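Structure first, commentary second.
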Amino acid sequence: MNTPTLILSLILAYIALAGWAVAGEKPRAVATFECIGVEWHAAEGGCELAYRKVGDESWKEALPLWFDPFEKQYRGSIVGLEDGQAYEVRLSPEHGEPVTLEVRTRSNQLPIARTVSLPAGITTEPLVIREGGSEKEGYVLYQADAAGTTIDTKHQAAACIHIEADFVIVRGLRCVNGVRHGIRIGKQHHVVVDGCEVSQWGREAMQGYGERDHGIVSTDGSHHLLIQRCRVSNPNHGTASWGEINPVHKARHPTSNHFHTYGPNAIGLNPGPGSNVIRWNEIFSTNGQYFEDGIGVPRNGHRIGFPGANCDIHQNLICNIHDEAIECDGSDRNVRVWGNYIHDAIKGIVATPAVEGPIYIFRNVLGLCRKHEGQDGSGFVGNGCKGKRAGKVYIFHNTMLPAEPERARVGLWGGYSSGPMRLMSRNNIWHCTDLPYASTVNPPHASNSYDYDLISVPHDAYMHPPTDEALARPLNVGQDNRKNFARGKLHYPPGTQQHGVVAVARYREGHGWDDGKANGRYQLAAGSPGVDQAERLPNFNDGFTGKGPDIGAHERGTRAMKFGLSAAPNRSEREQDAALNDAPRRE
């Protein structure tokens, strides 16, 4: 066989194998209550995604699947679905015939095999659960008494509740004075922690600062966990902020940054297969003891990481954080983070690294962003990678409010030495002092894309040496963003913000933080920059009310956003409306 014939044969063989990959391997779909994640090993070239309820005639368009060049796999998610509903999902590859599969979202109505009613009052013995249910029979529900059940271990037990069985629901318990944790979940699956309150937990490390204990924590290898409608508050010992030297971190990591926070975390699920959901929870402190992280684990960079694959974190209310409010560091394979309200944190949501992806961070709201009282915070969203491996990160329709006197230095910032990669930023409001984006990658990764955002300062403000003095802001001690992202050392892909808007957003009356609550009104005012100016993103802004979608987290003319316990559908719509504002009208 001559050389041209051999080359042609190899090309034809590759095409045949690629076609077999599309036609021969079925896609995999994994559903949560409101989302479906899709994975498919197929030939590269683009793959459209559509969905519909079983029985409907018309298909709805979703965001196309992303192709992972490392695993040669398409991945992506469909969001905003109904629970307990059967859907058809159609994948249309560029090279091959469409493939359709059927998948049902998880139901909020969990089957109960039996109920264990716990006694009213206070008990000092920890609750150890070793009897659970099964997939066939349903869950075993451990239910607090209607008059209230409190487990107060008086600092004599490692945790108030130990869950060591599968298919278990723990509901309505109050947990105080655990030595290390409030609730600890072993290497289990299909465990629900519902409507519990955890406070006054955790050990002292030194000088009044706390250890890295958790209000609610799981062991490595656990999966299919549901943490919902819980309040986690007031650890016994807090952490130093990034604006002061932390003696614990200095002692434990003498060669590292002594300003790094080290202390208690509210909810932490250690690495496992995933399919976890964390929703409708409230995390806060009223005793002055701040958390290190709100939701996450301090084991940064783990290949599996937090929260695992095919997970949702949504509509939580997270406050009083000295590091990240939500820390999604790991694979981030089909992870969705949306509708959370974050207040009083140095950083909002991070995915550093996002090893596999894609992760979707959308329609979240950040209020007060500060490092320490009187010191500006770092920013809303952080992203980065280790080495050459990086997954896709989608950042859509988030809002940074103009909190004062402190506010974020940067909107979206890079982590680790290689900075953000394979990132798409669309339709966000970045209200910050210095930069909407900060990246030290040179040359910038070709797949980074920033556009259609409403930014308070030009994206290239630091690309050249300053001609005048920087904006006067409070002194920052410790890590300083102006040193990390210095003028003249920032790099952006060509075409950045071709459709972006450089302006300050104007909001409807009543937005912001009100009497310690996120009031749910974050729509832009009539005539504000950003109204009807967002890019159309199928499945992520289908329900717009004007000529086009609005930039930011809250579309004008839609109902008030809900966070924490008020977001849970455990009351009638009438009762929920009474607890929140009435549905806003379009001006």
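Some notes on this structure:
- With 28 Å as the limit on Cα-Cα distance, the pairs of K136/K392; K371/K547; K26/K53 that go past it are K136/K392; K371/K547.
- Taking only the alpha carbons of the range 155-303, we obtain Rg and Dmax values of 14.9, 44 Å in that order.
- Computed over neighbours whose Cβ is under 9 Å from that of D323, the net charge equals -3, Lys and Arg +1, Asp and Glu -1.
- As a fraction of the 1.4 Å probe accessible area of the range 307-386, surface on carbon and sulfur atoms comes out at 43 percent.
- Projected onto planes of every orientation and averaged, the convex hull of the alpha-carbon atoms in the range 19-133 covers 11.4 nm².
- Charge dipole of the range 145-266 (Cα centre as origin; +1 on each Lys and Arg Cβ, -1 on each Asp and Glu Cβ, all else neutral): 140 debye, rounded to the nearest 20.
- Backbone HN-Hα couplings from phi across the range 157-169 [Karplus 6.51/-1.76/1.60, Hz, Gly and Pro as x]: 9, 4, 8, 6, 10, 10, 9, 10, 8, 8, 6, 10, 10
- Using a cutoff of 8 angstrom between alpha carbon atoms and counting only pairs six or more residues apart, the relative contact order for the chain works out to 8 percent.
- Taken over the Cα atoms of the range 127-236, the convex hull encloses 92 Å³ per residue.
- Formal net charge of residues neighbouring H314 (Cβ-Cβ distance under 11 Å; K, R +1; D, E -1): +2
- Solvent exposure of the chain, expressed per residue, is 40 Å² of accessible area, with all protein chains present and a 1.4 angstrom probe.
- The accessible-area ordering, largest first, of the residues W59, W66 stands as W59, W66, per a 1.4 angstrom probe.
- Overall form of the range 65-142 per C-alpha gyration tensor (a/c, 1.5; a/b vs b/c): prolate
- Which of Y290, S256, A266, positive extreme of dipole for the range 241-317 (C-beta unit charges): S256
- Environment charge at D194 (Cβ cut-off 14 Å; Lys +1, Arg +1, Asp -1, Glu -1): +3
- Mean residue ellipticity (222 nm) of the chain, computed from DSSP H runs ≥ 4 via -39,500 (n - 2.57), nearest 500: -2000 deg cm²/dmol
- Residues whose amide H comes within less than 5 Å of that of Y87, counting only those at least five positions distant or on another chain, are V54, V103, R104, T105 (H built at 1.01 Å from N in the peptide plane).
- Built amide H within the under 5 Å cut-off of E71, gap 5+: none
- Normalised per residue, the volume of the convex hull around the Cα set of the chain (Å³): 179 Å³
- Per-residue 3J(HN,Hα) values for the range 524-533, derived from phi via the Karplus relation 6.51 cos²θ - 1.76 cosθ + 1.60 with θ = phi - 60°, read 6, 6, 4, x, 6, x, x, 5, 6, 10 Hz in sequence order (x marks Gly and Pro).
- Magnitude of the charge dipole for the chain, about its Cα centre and with charges confined to Cβ atoms of Lys, Arg (+1) and Asp, Glu (-1), is about 580 debye.
The values are calculated or read from the model by the stated rules, or taken from the named source; none is laboratory data. Only a predicted model underlies this, so the values are computations on that prediction, with no experimental measurement involved. All Cβ positions, glycine included, derive from the backbone under ideal geometry; neighbour counts span all protein chains shown. For accessibility, only protein heavy atoms count, side chains too; no ligands or nucleic acids. Shrake-Rupley method; radii C 1.70, N 1.55, O 1.52, S 1.80 Å.
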